[in-house]
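Worksheet for the structure shown next.
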Amino acid sequence: MSATAIDRGPWLTALARINAVDIVLWALRIGVLLVVVVGTINELIKDPYTAAQWFDFLMFGLTLGSIYAQIALGYTMVYGVLRLINFAHGDFMMCGAFAGYFVATPLENSGFLDTHPVAGMAAILAVAIVVSTTIALLTERIAYRPFRRAGGLAPLICAIGVSFFLEQTFRGMFGSDVKAYPSPSWQRSAFQFGSLQIPRVDALVIVLAVLFMGLLYLIVQRTRMGTAMRATSEDPEAAALMGIDVNKVVVFTFILGGAMAGIAGVFYAFVYKQVYFYMGFEPGVKAFGAAVLGGIGNIPGAMLGGFFLGLVESIGPSVFLDGLGIPAPYQLRDLIAFTLLIMVLIFRPQGLLGERMAKKRA
Amino acid sequence: MRRFFFMRTAVGRGLMFGAGGVHLAVVGVLLMLHNRSIIVDTLSLGQATLVMLGVAAGAVALPERLSPDRGAQLAAGAVAGLAAAAPIALLAVAIGTIRLQSIFVALTPDLLKLLTSDLGLGWGSALLLGGGLLAGLIGAALRVCPPAIRSTLIAAVTAVILAGVFEELIQLMLQYEGPIGAVRDTLYVWNGLTPLGAVIVFVVAAAVHQAWAIFGRHRGTAPDEGQLRRQRMIRAGVALLVLAIMPVLAGAYIGQVLMLVGLYILMGMGLNLEVGLAGLLDLGFVAFFAVGAYTTALLTADSPHALLHLGFWMAMPVSVVLAVLVGVVFGLPVLGVRGDYLAVATMGLGEIVRVLVLSDFAAPLLGGAQGVLQIPKPRLGDVVLGSPVQLFYVTLVASGVAAFVAWRLENSRLGRAWMALRDDEDVAQALGINLVRSKLLAYGLGAAFAGLAGSIFATMLTSVYPSSFQLLISINVLALIIVGGMGSLPGVVLGSIVLIGLPELLREFGEYRYLFYGAALIVMMQWRPEGLWPSEVRRRELHAGETTAELDQGADLLPAEPR
Amino acid sequence: MARHALAMALAPVALLLGMQIAAAATVGPVTDPIGVIRIPKGAPVMIGAYMVLSGPDTALGEDEERAIKIGVNNVGGKLLGHPIALDFEDDQCDAEGGQTAATKLASTPNMVIALGPACSSSATPAAPILWQAGITDIGTACTAPALTAPDRKPEYDGFVRTVYSDNDQGASDADYLYKAEGYKTAVTVHDGSPYAEQLVTVFGNDYEKLGGKVLSKEAVAPTDVDMHPLLTRIASEKPDVVYFPIFTAAAAQILRQSKEVPGLEHTAFFGGSALLSADFIQAAGPAVVGFRIGYPDISASAMGKGYPKFVAEYKKDYGEGPISGYHANAYDAFTLAYKAIMKVSKTDKAGNLYIGRKALRDAVFATKFEGISGPIACDAYGECSQFHGTVLQFTSADPKTFGVGKNPIKIWPK
């Protein structure tokens, strides 16, 4: 803008700066908004669902969301400390689920799980946590340590490689078939509140997930290691100058993240009753979306993002896609998740609760 | 004391190899390798792998910087070999005593037979340990002996293994009667080398290698930069020529495999523009491929879904143009997204396309789950280019044109603008480069290549199914340009051959393809991130970066302050 | 003589140019418009096979592989003094796999005939490739109607199958659900595979023709795990039956989770023929008890007389009963190939075997016999098998009790 430009007034100046890109972005915003609003209104007019069924949608969404939230926590912590999208995180979850499976099946067959639910669950969770944490630590040591904060493509590709490797290893070890998770009797019934129903297993998962996440939050906020983690996440060089051993912090982060992934895996397996070598990839990617939605590096944000994503996936197709008259809306469920992810990445990459990242990424 | 330290290092390294062997066994790879014989009834690939684990352990038992003497090397090698065999022997004992197969499906009785050479647990484990010791010793001996002998031995053994593993392919190429047939019959039996054949291959390979080495030594002074460049170009040219003629000699199956390789080379060149030159990490590349394929399908197919019934040569340019448009449309929203986030955003876009293509919602237009069938092959006048070999040549020509375009782009102003973009967007903008235009051109032109590949793909398969357009393809293309060498055209070709051609040829190992893939990606990124055949610029960049990083890390190597 | 010499001269040139186009030839005592296979004395007769041998549907292809091997054993492993060599290729149940497998088989010299595949999406590109090289293809479990439809293209002239067409399966299922069980409204679910999508379309048409109503046509992805929202939605439509002929993983999820979603207590669930395996019983858990699937009749009464003997042999060779449902079709495919080859092959004085390709194809179309899956007789479009629809019901959730006729048992027609 030349210094001698006539002052055309702020509005006209702004108008003059609009270019094709802005138009497209605005069109995108409006388009998505229209789809959601019109679809929802249409559906509400049709009103096919009873209150009980709306409640069901809510419950299923929260259950799925709590699982996404737990996985997202691991993603967000690792990204905060290492600036690395750990594509293999979903596979840590798978490892934990498998480990839990091999404990749960004999426990169920011998009836122990039915009679001693708490002890049984504790055993399953413990084994799952140990396995997923071990694998997380091994991965960090072998695959990620050489890339400390390197940025660029190499660590990302390496992460993809780890993901393939873990998936195929488990496939080779345990077969490519889908294994059914045992379903103990105390999980099968549902809590009744008048006409509303909550399946027991859903309630269990949501409550436990919130408890574990609360525990994690306390660890990160109150303990020394947690503070060190937050410091490293904010500025690694300054943290090192303050005497923080970055290696130890990274190891601690992976332990926490791996443990959460393992727990998420067990919960996932109990709700959906299947383990399968490829089960981790998609929830992993979606959980990453949830983490970004909440604000990467931000723990309450990851929880929020996870629950939000779960609800959207559960309610979305039934509500606004169906409202637009789209056939077989559940096929397009992933479309909703990915559109949400893309919108967040384009329009608000710092997420709902995050701060704008000061430094440019690679 | 030093001796003890040596042994400890050797044992540690040996155990690593042993762990690797256990992993291969537990995952089922070992047994699968065992089903492929190198020398019929004598040596299987599985047995060879076990031996090589021991040899490798022995060879790397002690790192150079410890400057061990010969005796120590040999001793360490033996110890490493033993340490490598120990976990495997333990595994064999475990399989034999505990019923592990109910959990680990790959630990079958057949695997036990392989591990113990069918001698029972006691003798079998003893043989494993003894064999490991011996193999380790051999490995160390290889390390110690003069390089000329070593490289000849390695070349000869590699030749035998390759001849055994690729026996089907080689037999296919030698499928004539007469003298060539006689050669084939001496070397091979139905499914592997004969012992005589193995010996012949070994001797011939050793002789050839020696001759080559001697010839090289007699050349005299080392060649200079210009001569080196010319040598590389000649080698590349010869390799390309061989590749081009192979389908004619080796038949339709090779033509098919090479065509698939060619399609991926096309896509690799396109992604190379986006990732290698412009630094835009695009994981949604398969979407452009799908656009090209579906456009061709919908414009040419003999089915109710088709919009028109054009010929292939008319539909192909339209597909390319449409792919470019879609590329620009994809690029517009994500212009402001950077780095890792761009990877995930583009992946999301690619997945959206995949879901749409499969959906019932778009089925009236795109065919849904049934896909679009009855796509005709291209015609040149009266000739239908139907066979894989003919289509391979179409792909070859297309790749040639694309390579030329890519090469010219690289050295143009646009190419340099992209490279500036990749290094630092803000600085590039400050230098006056129009970010929007450059990025959109990168997406568009990259998409053009993919659209072309998609178009040929559709006519090759004569049908497009939505299951062909998974995220995996984008990752494949990305992996092959990374492994081959980003920013380098020969690298793309090499990467495609290694990551696409080899698994297709070795289809019997198909189940574990992605295991090797994943391991290869991890290893490549750590050991040689610039790729197998990188462009000169890239190699300098990456290794320059390394040196400064090393200098920085050097601060950590200084003695630390007492805590 | 001159023509013979010309043919002999052209053949290597054709080979050199990599063209796999079968050409008219006279070799030895056999003249054939498409080509002649010459098998020297003592050399093996190459029979190719391609089916799904990896991934979640492995049981389907492996079952067929075993059946074909039993077939070879039963004829002594030899054909007219030549050993039979089987070449199995994995087509991974998709189009690209099918194409690559078919190209591999088609470029193997002296490949006489091909068996398989198990998946229709693989057969669609593969069969023309094989036929272009003059190789007849006998399909074993690919049931897409288009493959043997009257309007199929000439490229499929070499394709027959010893398995029924989904047109019949869909009609039978509609018959049972509407007429026998009286379900007036249905919701269909497919998983995006060509097989399932085509089958629900066929079913939907037949069901509505009978008077039923398809309330909605839903779809999932084969790897979907969370079916609760879909099931809730279906519950809000209150259909009488949910028809979902999809593959194991997703079907097991739907079945399991249907017990957790309120509103579906009075809705019946009905599956398809991909679910006949112990893997499905294990994956579906307790919900599988009482679950019904539509299946071609493979009970002892409908199968050929030789079926029980086959099952006994199978158990002896492999230590377990058949692991999927199309073994009989595969066995019959091999028998059909064997009989046809026997019919048209000629041996010369030196002991070499000659087979005309077109003659072989015609012989395959013309051969009739009592197979173990029922009578085999091909119509003009390659449909060689007769279809009798039944409904099977699972009785126990213990995967070890899986057995065709035991768990699940046949419940219709009575």
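Taking a ≥ b ≥ c as the square roots of the eigenvalues of the alpha carbon gyration tensor, segment C:71-110 is oblate, as a/c is not under 1.5 and a/b does not beat b/c. Would you mind checking the tilt of helix C:95-106 against the longest principal axis of the Cα atoms of chain C, expressed as 0 to 90 degrees and rounded to 10? With rounding to tens, the tilt is 20 degrees.
The separation of segment A:38-96 from segment C:171-230, counted between C-alpha centres, amounts to 29 Å.
As I understand it, the dipole of segment B:250-470 uses +1 on the Cβ of Lys and Arg and -1 on the Cβ of Asp and Glu, about the Cα centre. Which of B:VAL344, B:ALA420, B:GLY386 lies farthest toward its positive end? Of the options given, the answer is B:GLY386. Approximating the spin labels as points 7 Å out from Cα along Cα→Cβ, the B:ASP423-to-B:ARG3 distance works out to 5.7 nm. Per-residue ellipticity at 222 nm computed for the protein assembly as shown from its helices equals -20000 deg cm²/dmol, with DSSP H segments shorter than 4 residues left out and the rest contributing -39,500 (n - 2.57).
Between rounded, prolate and oblate, where does segment A:145-230 land on the alpha carbon gyration tensor, with a ≥ b ≥ c its root eigenvalues, rounded for a/c under 1.5, else prolate if a/b exceeds b/c? Here segment A:145-230 falls in the oblate category.
Once the Cα atoms are used to define both axes, helix B:339-358 deviates from the longest principal axis of chain B by about 70 degrees. Evaluate E = 1/(1 + (r/R0)^6) for B:ALA126 and B:GLN101, where r is the Cβ-Cβ distance and R0 equals 30 Å; express this FRET efficiency to the nearest 0.05. My answer for the efficiency is 0.80.
The length gained by stretching the chain between A:PHE191 and A:LEU137 to full extension, at 0.36 nm per residue less their Cα-Cα distance, is 15.5 nm. Shape verdict for segment B:355-403, please, from the Cα gyration tensor: rounded (a/c under 1.5), prolate (a/b greater than b/c) or oblate. Judged from the Cα gyration tensor, segment B:355-403 comes out prolate (a/c at least 1.5, a/b above b/c). Evaluating 6.51 cos²θ - 1.76 cosθ + 1.60 at θ = phi - 60° for every residue in segment C:232-244, the Karplus couplings come out as 4, 4, 4, 4, 5, 8, 6, x, 7, 9, 10, 9, 9 Hz, glycine and proline recorded as x. Taking the Cα-to-Cβ direction at A:LYS248 and at C:LYS343 and moving 7 Å from each Cα, how far apart do the two end points lie in nm? That separation, rounded to one decimal, is 8.3 nm. Is any residue of segment C:309-342 close enough, with backbone N under 19 Å, to a label point placed 7 angstrom from the Cα of C:HIS388 along the Cα-Cβ axis, and if so, which? Under 19 Å, as judged by backbone N against the label point of C:HIS388, lie C:309-311, C:325-333 of segment C:309-342. Taking 7 Å steps out from each Cα toward its Cβ at B:ARG408 and A:ASP22 produces label points 3.7 nm apart.
Packing, taken as the mean count of other beta carbons within 10 Å per residue, orders the peptides A:211-217, B:46-52, B:428-434 from highest to lowest as B:46-52, A:211-217, B:428-434.
Note on B:ARG232/C:ALA149: beta-carbon distance plugged into 1/(1 + (r/R0)^6) with R0 of 51 Å gives a FRET efficiency of 0.35.
For B:VAL372, neighbours were defined as the other residues whose beta-carbon sits under 14 Å from its Cβ, and their charges (Lys and Arg +1, Asp and Glu -1) total -2.
The mean number of partner chain beta-carbon atoms within 10 angstrom of a residue's beta-carbon across peptide B:366-376 is 5. Per-residue packing, averaged as other Cβ atoms within 10 Å, sorts the ranges A:167-177, B:157-167 into the order A:167-177, B:157-167, beginning with the highest.
The mean number of partner chain beta-carbon atoms within 10 angstrom of a residue's beta-carbon across peptide A:342-353 is 4.
Each residue of segment C:354-365 is assigned a 3J(HN,Hα), and the resulting list reads 10, 10, x, 6, 5, 4, 5, 4, 5, 5, 4, 5 Hz, derived from the Karplus form 6.51 cos²θ - 1.76 cosθ + 1.60 (θ = phi - 60°), x at Gly and Pro. Legend: mean number of C-beta atoms from other chains within 10 angstrom of residue C-beta atoms, peptide C:121-132, equals 3.
Segment A:VAL38..A:LEU218, full-extension length gain: 60.6 nm, with 0.36 nm per residue of separation and the alpha-carbon distance subtracted. With a Förster radius of 56 Å applied to the C-beta separation of B:ASN434 and A:THR50, the computed FRET efficiency comes to 0.50.
How tilted is helix B:471-484 with respect to the longest principal axis of chain B? Cα atoms for both, answer in degrees (0 to 90, nearest 10). Between the helix axis and the principal axis of chain B, the angle is about 60 degrees. Coupling constants for segment C:63-77 follow from the phi torsions by the Karplus curve (6.51 cos²θ - 1.76 cosθ + 1.60, θ = phi - 60°), and in residue order they are 4, 5, 4, 4, 4, 5, 5, 4, x, 5, 4, 5, 9, x, x Hz; glycine and proline get x. Roughly speaking, what is the centre-to-centre gap between segment C:350-399 and segment A:182-221 when only Cα atoms are used, to the nearest Å? Value for the Cα centre distance between the two parts: 54 Å.
Taking Cβ atoms as reference points and 11 Å as the exclusive limit, the residues near C:VAL30 contribute a net charge of +2, counting Lys and Arg as +1 and Asp and Glu as -1. The ranking of C:CYS119, B:CYS145 from fewest to most other beta carbons within 10 Å of each one's beta carbon is B:CYS145, C:CYS119. Our note on the geometry: Cα centres of segment B:474-537 and segment B:272-349, 23 Å apart. Ranked by the mean number of other Cβ atoms within 10 Å of their residues, highest first, the peptides B:107-120, B:316-329 come out as B:316-329, B:107-120.
Throughout, read-outs are computed from the coordinates displayed, never taken from laboratory work. This is a predicted model, so every value here is computed, not measured. Positions of Cβ are generated from backbone atoms using ideal geometry, with glycine treated the same way; all protein chains shown enter the neighbour counts.
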